Amino acid sequence: MFIGRQDELKKLNQMYTSGRFEFAVIYGRRRIGKTTLITEFCKGKKAIYYMASESTAKENLALLSRAVFEVTEPGNDMPPFESFEQLFSYIGQNAKERLVFVIDEYPYLASCDKSVSSLLQAHIDTGWKDSPIMLILCGSSMSFMEYQVLGYKSPLYGRRTAQFRLRPFTFFEMQQMFPGYGKEEQALVYGATGGIPEYLSRIRPGLSVDENLTELFFDSSGRLFEEPSNLLKQEMRKYAVYHAVISAVAKGKSRLNEIATTVGEEPSACANQLNSLISLALVKREVPCTEHQTSRKTVYRLADNMFRFWYRFVASDISSIELGLGKQVYQYKVKPQLSDFMGSVFEEICIQYLYRPDIIEKAPFFYGNLGRWWGTDSRSRSQVEVDIMGAEKDYLLLGECKWRNEKTDMDVLTKLMQCGELFHQKEKWYYLFSKAGFTEMAANAAEKNERVRLVEFAEM
């Protein structure tokens with residue numbers, strides 16, 4: 001069953017029905033569901049689909065030729081084209097009706113023959129632009145797709161008519177997949193899988209969440225037992241160094257110098273490694289919400305929750321898991337720490353909630369970009385952190401997120417309002433998010449102050 005990606009599917013179908021030449025670029029990290037989206041879109045359509053291989057130009061040409069002839073000459077044994085130029089010319093000459101032409105994992109094809117992008121550009125400019133061809137180029141190497149396909153130095157620059165960067169499902173998109181689980185269980189599934197569609201597809205609704213996580217992560221034959229290592233080895237030549245960088249970030253090393261010292265690399269080299277991990281959407285660079293991107297307060301965090309889960313709970317106990325003690329590791333070492341792990345996941349869910357169109361419509365102002373804030377309270381000379389902040393001219397939104405079993409009390413609201421005094425905006429709103437709800441005192445305070453909003457997880 002196809003779930004999610006309805007906006008992307010709708011847009012692709014709109015492009016298809018235009019009848020004119022269209023060129024869509026689809027990209028995103030591995031396991032994100034790019035091929036599933038394309039496969040769903042191509043159903044019932046005349047489509048040439050080819051997934052490029054990490055091989056030679058000759059082999060890719062032969063395999064792509066076969067994919068072309070399976071659509072244009074079904075049942076006939078045709079020799080492969082002699083060149084990509086000949087193949088692209090053939091497609092242009094035979095596109096008398098709507099034809100979808102998909103090259104999946106395009107970076108592999110473009111890397112084995114450097115002329116492919118220029119050839120495509122030439123055919124788009126000289127013939128395809130007036131044809132009913134719908135070209136789709138797809139890739140998992142986000143840096144390649146952004147710079148070598150979409151970038152202004154690319155031969156294909158300016159030719160695309162749409163681009164789609166696929167991201168993980170939000171918590172709210174994921175919920176429909178597991179209606180049999182309670183909301184807290186759904187949140188844990190989201191936190192452990194990072195909302196990655198392929199990982200979510202491995203969750204078996206007939207098992208409990210604990211059983212699923214044990215089976216996937218804490219069994220040596222589990223689908224996600226070695227997933228981060230496998231992904232890094234696919235993407236990076238120096239696996240050990242990148243593994244060390246991620247390990248350092250996962251352990252709370254957030255500043256560049258801290259990470260470099262822990263890994264044993266020069267800061268300049270470590271910065272390059274972090275940038276590579278950022279391009280893969282595995283690490284994110286953060287500055288306080290009100291700061292410029294060049295701020296010295298820059299920190300690095302893991303962007304992928306599955307990696308956070310794995311490096312926190314699996315990496316340190318691989319030997320025990322391989323000895324068949326995975327159930328015990330999960331029961332006695334992991335489960336007691338899950339509430340703490342879910343703290344930052346809940347912050348992410350709360351931000352997703354604030355970005356929902358129905359919530360933005362009711363918001364006191366359009367807050368645009370939301371993020372974290374941290375800094376020094378000059379009054380107490382203490383470090384202060386705010387889970388969620390959104391600022392727009394004279395308007396400010398501050399939010400605090402509590403993933404704990406006891407109800408959130410007045411002290412949290414008081415502390416948040418004191419933080420609000422650090423900022424110059426005149427119009428301030430305070431949002432409290434709580435897994436377990438709120439005490440009567442906090443609820444009464446919110447009733448008396450229209451600038452305070454309390455949101456229970458069960459109501460989100």
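When Tyr190 is tested against (1) in a helix (DSSP H, G or I); (2) out of contact with any helix residue (DSSP H, G or I) (no Cβ under 9 Å at 6 or more places or on another chain), just one condition goes unmet, and that condition is (2). Just to be sure, is Gln176 more than 28 Å from Val245 (Cα to Cα), open to solvent by 50 Å² or more (accessible area, probe 1.4 Å), in a helix (DSSP H, G or I) and not hydroxyl-bearing (Ser, Thr, Tyr)? The answer is yes for Gln176.
In the stretch 324-354, which residues are among the hydrophobic types (A, V, I, L, M, F, W, C) and either closer than 17 Å to Gly191 by Cβ or in contact with a His (Cβ under 6 Å, 6 or more places away or on another chain) (or both)? Matches in the stretch 324-354: Val334, Leu338, Phe341, Met342, Val345, Phe346, Ile349, Cys350, Ile351. For Ala442, the test of being assigned to a helix (DSSP H, G or I), farther than 19 Å from Gly343 by Cα and in contact with a helix residue (DSSP H, G or I) (Cβ under 6 Å, 6 or more places away or on another chain) is passed. Can you tell me which residue in the stretch 110-119 is surrounded by the fewest Cβ atoms within 10 Å (Cβ to Cβ), limited to those that are of a type in the set (Ser, Thr, Tyr) and part of a helix (DSSP H, G or I)? The qualifying residue surrounded by the fewest Cβ atoms within 10 Å (Cβ to Cβ) is Ser118.
Candidates Tyr190, Tyr181: the one that is of a type in the set (Phe, Trp, Tyr), touching a Pro at 6+ places or on another chain (Cβ under 8 Å) and modelled with pLDDT of 95 or more is Tyr181.
Among helices (runs of 4 or more DSSP H) entirely within the stretch 238-315, having at least 2 residues that are among the hydroxyl-bearing types (Ser, Thr, Tyr) and buried (at least 16 other Cβ atoms within 10 Å of the Cβ) singles out 239-250, 267-279. Among the residues here, Val287 does not qualify as touching an Asp or Glu at 6+ places or on another chain (Cβ under 7 Å) and under 22 Å from Phe346 (Cα atoms). Being more than 15 Å from Tyr190 (Cα to Cα) and within 25 Å of the chain's Cα centre (by Cα) is a description that applies to Pro357. Residues that are over 23 Å from the mean Cα position of the chain (by Cα), free of Cβ contacts under 8 Å to residues at least 60 places away in the same chain and not in a helix (DSSP H, G or I) do not occur anywhere in the stretch 134-146.
Selection of the stretch 120-133 for residues being part of a loop (DSSP other than H, G, I, E, B) and either free of Cβ contacts under 8 Å to residues at least 60 places away in the same chain or open to solvent by 40 Å² or more (accessible area, probe 1.4 Å) (or both) yields only Gly127. Of all the criteria given as (1) at pLDDT 95 or above; (2) touching a helix residue (DSSP H, G or I) at 6+ places or on another chain (Cβ under 6 Å), the one not satisfied by Leu99 is (2). Put simply, of Arg404, Arg453 the only residue that is charged (D, E, K, R), open to solvent by 60 Å² or more (accessible area, probe 1.4 Å) and in contact (Cβ under 8 Å) with a residue 40 or more places away in the chain is Arg404. Annotation for the stretch 161-169: no member residue is out of contact with any Cys (no Cβ under 7 Å at 6 or more places or on another chain), open to solvent by 10 Å² or more (accessible area, probe 1.4 Å) and in a helix (DSSP H, G or I). Where strands (runs of 3 or more DSSP E) sit wholly within the stretch 362-435, those with at least 1 residues that are of a type in the set (A, V, I, L, M) occupy 382-392, 395-402, 427-434.
In the set Glu235, Glu322, Glu291, only one residue is more than 20 Å from Ser141 (Cβ to Cβ) and modelled with pLDDT under 95; that residue is Glu291. Out of curiosity, is Phe423 surrounded by 12 or more Cβ atoms within 10 Å (Cβ to Cβ), modelled with pLDDT under 95 and within 29 Å of Tyr300 (Cα to Cα)? Considered against the rule, which asks whether it is surrounded by 12 or more Cβ atoms within 10 Å (Cβ to Cβ), modelled with pLDDT under 95 and within 29 Å of Tyr300 (Cα to Cα), Phe423 comes out as yes. Selection within the stretch 318-364: residues that are hydroxyl-bearing (Ser, Thr, Tyr) and over 15 Å from Ile388 (Cα atoms). The member of this set that is most open to solvent (accessible area, probe 1.4 Å) is Tyr332.
Cβ separations smaller than 8 Å between residues 6+ apart or across chains give the following pairs from the stretch 333-361 residues that are more than 20 Å from Gly371 (Cα to Cα) to residues that are surrounded by fewer than 18 Cβ atoms within 10 Å (Cβ to Cβ): Lys335/Asp210; Gln337/Arg312; Ser339/Arg404; Ser339/Asn405.
The values are calculated or read from the model by the stated rules, or taken from the named source; none is laboratory data. Every value quoted in this text rests on a predicted model; they were computed, and no experiment measured them. Here the Cβ is made from the backbone with ideal geometry for all residues, glycine too, and neighbour counts use every protein chain on show. Accessible surface is based on the protein model in full, side chains and every heavy atom, while ligands, DNA and RNA are left aside. Shrake-Rupley method; radii C 1.70, N 1.55, O 1.52, S 1.80 Å.
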